Amino acid sequence: MKKLIFFAMMLLSLPVAAQNNKDHNLDVAKSLDVFNAIYKNLDYMYVDTLNATDVVGTAINSMLESLDPYTSYYPEDKAAEYKEMMTGKYAGVGAVISYNFKIKRVVINEPYEGMPAAEAGLRKGDIILSIDGEDMTKQTNQYVSDHLRGDAGTTLVLKVLRPATGKKLTMKITRKAIQMPYLPYYGLQPDGIGYINYAQFFDGTSKDFRRAFLDLRQKGAKKLVIDLRNNGGGNVQDAISILNMFLPKGKTLLTMKGKIKNANRTYTTTVEPVDTVMPIVVLVNGQTASASEITSGALQDYDRAVILGTRTYGKGLVQVPNVPLPYNGKLKLTTAKYYIPSGRCIQAVNYRHSKGGYTEHVPDSLTSLFHTAAGREVRDGGGIKPDVEVKGDSLPNIALYLDRVDTTSVLLNYEVDYLKTHPTVARPSEFEFSDADYEVLKQQIVESGFTYDRLSDKYLKDLERMAQFEGYYDDSKTEFEALKKKLTHNLAKELDWPYNKEKIKQMVALDIMSMYYYQKGAIEHSLRYDPQYKEAVRLLNNPEEYEGVLKVKK
């Protein structure tokens, strides 16, 4: 209760200049009085004893839920979650774990390269038996994860069963601060093309991006692909630092505008660039957000790079990440919108939770027109629209179920067996998952009891119900029965359909590469059949076409 009163006093003590509206201040006071009175009556008369932390916490979260998606409250007991969100770091062993439904045990799925789990020799499929002597064989993923984590520098004794040998292994592992992979792979590709996969803008990570670029250039890179797909953003200053590498000194990169003076700020390039002429293609998609959109948007506005892929997420709001609250709480608070060099804000127009979400993009006819430095037309309204639109690859329904919904864990168990029988495999640039290997996998899938929801079944049943509702079914019954027979499903046959087979083989190949060469191996291998990357390469190898994209269409 004291915390609620203190919070109310803080709001009422805000400077009039910040509110600039006496009626508003009165509304605030009245609303807080009503809230206070309601809570007092609940606390005094409600049939059950209230948990003040839960009830007031629910009220706070509901209030924030009515605003934008990024303003969040973190009470003291969520300090670790807050720290991990802000830094991408946590203390633990550095491995992804998963639940193996077939054996009903939690297993190691993917150790991170250079982290304690990998250094201790843990491998995919290792069954976690105990941690510090406590039995883990009947525990959930979350329970095991909580026990693997702890303070950096502390140790744990982990006992696992390795399926490949049938042996039980006991290892003493020292936890350390785990940095989520933010630059999982970069490398020089054929035709002198440098490739940098940049996964997150964590504080200070632009230094490693710079080192990667200089290394590629030293190795002979003449063209560059920057992959910002699925990069949810992060630290704005790192975006500014990366832009400073490719744009001349003195260019405006970003302008923030908010309600109070301290929220307003303009960022410019402040040092001489590293390279202003190398052709660049930036890969983006619907999960490219925030600092990634600042980077790709500024490069687009200055006609410095071709943006290729699909429209980005549309996050043009700025947060103060660390507003202190009573009793060691934290508030991540949206204070401003940001505008990229052309003057547009890329925030999706409809971003309030209370208005149904913020992922929609309004039609171009309802957006405002802006221009790049060369005079090309660009628009606001939500996200960065790519200069060259190329849709990403997609998995067929059966592959999605194998990857994410399969309760038989057939892929996981196949890959563990593969690891057992293949001490080494070819490098990512050369590896092939053979048809013979696929036949073994197909047989295991069929025998495992794997099932998935066929969309054709769903739509046929929906159509049948609609025909009955509208009175057409009796006249169409024969056709419906014939169609049902034609749509009789055969799992082995479906696994042999060329498109399904190709995509499942690619999916398994990526898992195999991550087992032997970690994330960087999986990413390097994926470039061989990535349609967006292939188009970027084609464009970079056609200078006239590349330059044409960056010119005003007459």
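The values are calculated or read from the model by the stated rules, or taken from the named source; none is laboratory data. Fair warning: this is a prediction, and the values are worked out from it, not measured in the lab. For neighbour counting, all protein chains shown are included, and Cβ atoms are generated from backbone atoms with ideal geometry for every residue, glycine included. What goes into the accessible areas is simple: the full protein's heavy atoms, side chains included, and nothing from ligands, DNA or RNA. Shrake-Rupley method; radii C 1.70, N 1.55, O 1.52, S 1.80 Å.
3J(HN,Hα) along the stretch 241-253: 5, 5, 4, 5, 6, 10, 10, x, 5, x, 8, 6, 10 Hz, from the Karplus curve 6.51 cos²θ - 1.76 cosθ + 1.60 with θ = phi - 60°, whole Hz, x for Gly and Pro. Among the chymotrypsin sites (Phe, Trp or Tyr not before Pro) in the stretch 64-138, those located in a DSSP loop and surrounded by at most 14 other Cβ atoms within 10 Å of their own Cβ are Phe101.
For the chain, the mean residue ellipticity at 222 nm estimated from helices alone is -12500 deg cm²/dmol, where every DSSP H run of n ≥ 4 contributes -39500 (n - 2.57) and the total is divided by all residues, rounded to the nearest 500. When the solvent-accessible area of the chain is split by element, carbon and sulfur atoms take up 53 percent of it, the probe being 1.4 Å.
Backbone phi angles across the stretch 24-31, fed through the Karplus curve with coefficients 6.51, -1.76 and 1.60 (θ = phi - 60°), yield HN-Hα couplings of 5, 4, 5, 4, 4, 4, 5, 5 Hz in residue order; Gly and Pro are listed as x.
With the charge dipole of the chain set up from +1 on Lys and Arg Cβ and -1 on Asp and Glu Cβ about the Cα centre, the Cα lying farthest toward the positive end among the listed residues Thr268, Ala212, Met180 is that of Thr268. Based on C-alpha pairs under 8 angstrom that are at least 6 apart in sequence, the stretch 147-192 has a relative contact order of 35 percent.
Placing a label point 7 Å from the Cα of Ser98 along the Cα-to-Cβ line, the residues of the stretch 361-400 whose backbone N sits under 17 Å from it are 395-400. Amide H to amide H, with H built 1.01 Å from N, Met136 comes under 5 Å of Ser130, Ile131, counting only residues 5 or more places away or on other chains.
Residues whose amide H lies under 5 Å from that of Gly383, counting only those 5 or more places away or on a different chain, are Gly314, Lys315, Gln347, Ala348; hydrogens are built 1.01 Å from N in the peptide plane. Scanning the chain for GluC sites (Glu not before Pro) that sit in a DSSP loop and have at most 14 other Cβ atoms within 10 Å, the longest stretch containing none of them is 1-359. If you sort Val107, Val388 by accessible surface, 1.4 Å probe, largest first, the order is Val388, Val107.
Residue-wise HN-Hα couplings along the stretch 433-446, as the Karplus relation 6.51 cos²θ - 1.76 cosθ + 1.60 with θ = phi - 60° gives them from phi, are 8, 6, 5, 5, 5, 5, 4, 5, 4, 4, 5, 5, 5, 4 Hz; Gly and Pro carry x. The peptide list 42-54, 23-35, put in order of mean Cβ contacts within 10 Å with the highest first, becomes 23-35, 42-54.
The amide H of Gly194, built 1.01 Å from its N in the peptide plane, has Gln189, Lys222, Lys223, Leu224, Val225 as neighbours under 5 Å, considering only residues 5 or more places off or on other chains. Rounded to the nearest 20 debye, the dipole magnitude of the chain is 1300 debye, with +1 charges on Lys and Arg beta carbons, -1 on Asp and Glu beta carbons, and the Cα centre as origin. Shape analysis of the stretch 403-554 places it in the oblate category; the axes a ≥ b ≥ c from the Cα gyration tensor give an a/c of at least 1.5, with a/b not above b/c.
At a threshold of 8 angstrom on Cα-Cα distance, excluding pairs fewer than six apart, so keeping six or more, what relative contact order does the chain reach in percent? Contact order relative to length: 12 percent. Using a probe of 1.4 Å, the accessible surface attributed to Met466 totals some 90 Å² when neighbouring protein chains are kept in position.
Beta bridges from DSSP with both residues in the chain: antiparallel share about 75 percent, rounded to the nearest 5. Among the listed options (i) 70, 56, 42; (ii) 75, 72, 71; (iii) 163, 58, 37, the one matching Cα extents along the principal axes in Å as calculated from these coordinates is (ii).
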